[in-house]
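The values are calculated or read from the model by the stated rules, or taken from the named source; none is laboratory data. Just so we're clear, the structure is a prediction, and the values are computed from it rather than from any experiment. Neighbour counts are summed over all protein chains in view; Cβ atoms, including those assigned to glycine, are modelled from backbone coordinates with ideal geometry.
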Amino acid sequence: MPVKVRRRDFLKMVGAGGVAATLLGIAPPIIRYIVPPVLRGEMPRSQLVWEDCSPVKASELEPNTHYLFYYPLVDTINVVLKLVTPSGKPIRIPEMRVPTQMDPAYEPPAWLDAELSEEEIKRLENFSKGSFYTYPPGVGPDGNIVAYNLICQHLGCPYPALRYYPPGTPIATNPPEIGANGGVLHCLCHGSAYDPSRGAIVLTPPTVRPQPAVKLEWDPNTDYLYAVDMVGPTINGKVCNTCGKTVGDKVVVAVNREPEKKTC
C-alpha cells in the first residue's frame, strides 16, 4: 500500500534537502580557509630583473634590505632578503621541515645566534597541528638569500603593513622579547610575527600559519636569481597559488618599495 506524504512533510523534506545542498556547496571553501591546503601547480620560472630590465645578481643585494617583486601572480607581492647578523655574519638557512599550521614559537628568532641546532629544528616539528612541507635552503654564495610572500597569513594585510624589521630595528610584539632586537617579519594590522631565518615560522599570534615562501634558484656561473615555485600554505586570499594572472619569465624587483608593473 503506497504511503501518503502530507504536503507539509513534503515541503519540509524539500527544504531540508536544499539546506543540505547549500551546506555541501559552501563547506569546501570554509574548510579550505580554516585549513588551507599546500597547493603546488605549474609555476612560472621567472628571472629577477631590475626596473631597467638588467638581471639581478646575488652579489648586488644589500644585507637585510627589502627587495620587492610580484610572483607567481601579478598581484601577489613578495620580498627577497639577504639575511645577516648585526656583526655582518651571513645567516645560512638550511632546508627544514615546517608545519603548515602551528602554535606560536614564543621565542626569539634564530638569527640571534645565526645557527639552527637540531634541537631547534625538532622543536619546530613539535609545533605541528597539520601536515609538514619542506622549506628550501637559502641560496647564493652564503646560502642566506630567501624570499617570502608579503600578504599576512592572518587576515591578508599586505606590504607595507607586513614587512621585515632588520636586526637592530626593534618592533613592539607580544611577548616583547620577540621583536625587541628586530630580525622579524611583523604585521602592524594585528601583531603577527614570523621568523625569516626559520622558514617564516609563527613567532606570535594571532596567525597560526607560516608565511608562504618563494623558492629561489641561484646560478653560480652568472650570479642570477630565479623564482621557481611557492612553498608552504596557499597565499592568503587565493584559492590556489596559480588561480589568476601569472607573471612572465621575468619579474621586476624594486628596493624598499613596490616595483613598477612592467614587462621586460
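Could you please let me know if Asp219 is more than 14 Å from Thr100 (Cα to Cα) and touching a residue at least 40 places away in the same chain (Cβ under 8 Å)? For Asp219, the condition - more than 14 Å from Thr100 (Cα to Cα) and touching a residue at least 40 places away in the same chain (Cβ under 8 Å) - is not met.
One line per residue, one yes/no per condition, for (1) in the same structural domain as Ile145 (by TED's automatic domain parsing); (2) small (Gly, Ala, Ser); (3) closer than 14 Å to His154 by Cβ:
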site: Ala180; (1), (2), (3): yes, yes, no
site: Val202; (1), (2), (3): yes, no, yes
site: Val214; (1), (2), (3): yes, no, no
site: Asp223; (1), (2), (3): yes, no, no
site: Tyr226; (1), (2), (3): yes, no, no
site: Val231; (1), (2), (3): yes, no, no
site: Thr246; (1), (2), (3): yes, no, no
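The lone criterion from (1) assigned to a strand (DSSP E or B); (2) over 19 Å from the mean Cα position of the chain (by Cα) left unmet by Arg163 is number (2). Inside the range 203-237, residues that are over 15 Å from the mean Cα position of the chain (by Cα) and assigned to a loop (DSSP other than H, G, I, E, B) make up a count of 6.
Restricting the search to strands (runs of 3 or more DSSP E) fully inside the range 2-92 and requiring at least 1 residues that are modelled with pLDDT of 90 or more and farther than 30 Å from Pro170 by Cα gives 46-50.
Rundown of residues vs (1) crowded, with 24+ Cβ neighbours inside 10 Å; (2) free of Cβ contacts under 8 Å to residues at least 24 places away in the same chain, yes/no style:
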{"site": "Gln153", "(1), (2)": "yes, no"}
{"site": "Cys157", "(1), (2)": "no, no"}
{"site": "Pro176", "(1), (2)": "no, yes"}
{"site": "Cys187", "(1), (2)": "yes, no"}
{"site": "Leu203", "(1), (2)": "yes, no"}
{"site": "Tyr226", "(1), (2)": "no, no"}
{"site": "Asn236", "(1), (2)": "no, no"}
{"site": "Thr242", "(1), (2)": "no, no"}
